[in-house]
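Asker: First, the structure itself, so that you have it in front of you.
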Amino acid sequence: MSIESAIPDYDLADDAVVTTPAPLRAMADPLRATILDLLLERAATVGELAAAVDRPKSTVAHHVKVLVDAGLLRVVRTRRVRAIDERYYGRTARLFRVGVISQPDVTPPTMFTNDLAVAAAEANAAYEGDDLRTAFRHARIPPERADEFWEKVVALVHEFARLPRSGDTVYGFVAGLFPTDHPTLPETAGG
């Protein structure tokens, strides 16, 4: 099933598997992770991204270049502004899944954060065994939509709890929905 197709405002794959260190290193930086999250809402220029994260354009331009070089971002459209082509960047996929990472000559191995480490200490063994499935997203929505979404999550928790018991492995399931101070892009002139 495809994720909501109207957001963002450009075409992209539903998911992509990351299997090399370069994109993982690119995603691991907090500012670059924020840029990736912002671009789930809509395509944006370096100037718009810089305004959203309150950082200099030159700093954001550097981080955007790292993400482009890593294959996580691309130019999705351009607009002519006073003889200069303004580039709008977008993600290459809605969701980046981490596959098995090959790092034959790296000592010590590069470590990446576990999204569930704070919420679920039990997830650590699965993380170390490369058997952890996680997703972490931000969305600017009104409180009423958050309540509606949470009801769906609760229904999913109930469905999970009602699954027939079988097999040798006990799986954990954790969900959370909370307001944050995550930056947002400014409104576009067209609405």
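The values are calculated or read from the model by the stated rules, or taken from the named source; none is laboratory data. Everything numeric in this text was worked out from a predicted model, so none of it was measured. Virtual Cβ from ideal backbone geometry, glycine too; neighbours counted across all protein chains shown. These area figures cover heavy atoms from the full protein model, side chains too; ligands, DNA and RNA do not enter into them. Shrake-Rupley method; radii C 1.70, N 1.55, O 1.52, S 1.80 Å.
Asker: What number of residues within region 156-181 satisfy the criterion of being under 24 Å from I35 (Cβ atoms) and in contact with a helix residue (DSSP H, G or I) (Cβ under 7 Å, 6 or more places away or on another chain)?
Answerer: 1
Asker: Does region 178-191 contain at least one residue that is free of Cβ contacts under 8 Å to residues at least 40 places away in the same chain and open to solvent by less than 70 Å² (accessible area, probe 1.4 Å)?
Answerer: No, region 178-191 contains no residue that is free of Cβ contacts under 8 Å to residues at least 40 places away in the same chain and open to solvent by less than 70 Å² (accessible area, probe 1.4 Å).
Asker: Which is at pLDDT below 80 and small (G, A, S), of A161, A93?
Answerer: Going through A161, A93 in turn, the sole match is A161.
Asker: Determine whether T45 is at pLDDT below 95 and of a type in the set (S, T, Y).
Answerer: No, not satisfied.
Asker: Further, regarding this structure: Name the residues in region 128-155 that are among the aliphatic types (A, V, I, L, M) and more than 27 Å from L39 (Cα to Cα), would you?
Answerer: V154, A155
Asker: Please indicate, with yes or no, whether at least one residue in region 167-177 is among the polar types (S, T, N, Q), modelled with pLDDT of 80 or more and open to solvent by less than 80 Å² (accessible area, probe 1.4 Å).
Answerer: Scanning region 167-177 turns up no residue that is among the polar types (S, T, N, Q), modelled with pLDDT of 80 or more and open to solvent by less than 80 Å² (accessible area, probe 1.4 Å).
Asker: Inside region 15-51, can you point out the residues that are of a type in the set (A, V, I, L, M, F, W, C), open to solvent by 50 Å² or more (accessible area, probe 1.4 Å) and not in a helix (DSSP H, G or I)?
Answerer: Matches in region 15-51: V17 only.
Asker: Considering only region 1-14, how many residues are open to solvent by 40 Å² or more (accessible area, probe 1.4 Å), under 29 Å from D54 (Cβ atoms) and either modelled with pLDDT of 85 or more or basic (K, R) (or both)?
Answerer: Adding up the residues that qualify gives 1.
Asker: Identify, by number, the condition in (1) touching a Gly at 6+ places or on another chain (Cβ under 7 Å); (2) within 22 Å of L132 (Cα to Cα); (3) at pLDDT 85 or above that T19 doesn't meet.
Answerer: The failed condition is (3).
Asker: From the list L73, L40, exactly one residue is under 19 Å from T184 (Cβ atoms) and without any contact (Cβ under 8 Å) to a residue 60 or more places away in the chain. Which is it?
Answerer: Answer to the check: L73.
Asker: Which condition does R74 not pass, out of (1) surrounded by 12 or more Cβ atoms within 10 Å (Cβ to Cβ); (2) of a type outside the set (V, I, T); (3) modelled with pLDDT under 90, if it passes all the others?
Answerer: (3)
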